[in-house]
Amino acid sequence: MGRTRNIGKIVPVQKVWLSKKELAAYLGVTTRYIEMNINTNPRVDMYRMSDRVVLYNKENIDLIIRRSKT
C-alpha cells in the first residue's frame, strides 16, 4: 500500500448546524429577530436539543432565502 500525500493535512469542514447566535451573525440580524421570526417559520429546519439550545440547518436557511428572492 502506497503512502498518501494528505496525511497530516487538516481539511476544514463546513458547519451545517448553527446556534442561534451563529445564525444571527450569519444573517446580520439580532438573536431577538431569530426568536420572533425564524423560530415561528414552519419551513425552517430546527433541532431542539433542550429548552435553551436550538440548532438551525444553514443549508435550509440559504434555500429559503434563495427562494424568497425569486
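The values are calculated or read from the model by the stated rules, or taken from the named source; none is laboratory data. Quick caveat, the model's predicted, so the values are computed rather than measured. Note: accessible area is taken over every heavy atom of the protein model, side chains too, but ligands, DNA and RNA are not part of it. Shrake-Rupley method; radii C 1.70, N 1.55, O 1.52, S 1.80 Å.
Cut-off under 22 Å on the C-alpha distance; same-chain residues fewer than 8 positions from LYS69 excluded. Which lysines are left, in chain and number order? Hits, sequence-local ones excluded: LYS58. Per residue, the accessible area of the chain comes to 88 Å² when a 1.4 Å probe rolls over the protein heavy atoms. Each Cα pair under 8 Å and six or more residues apart adds its separation to the average, and for the stretch 23-68 the resulting relative contact order is 27 percent.
Here the accessible area of the chain is 54 percent carbon and sulfur, with a 1.4 angstrom probe and all protein chains present.
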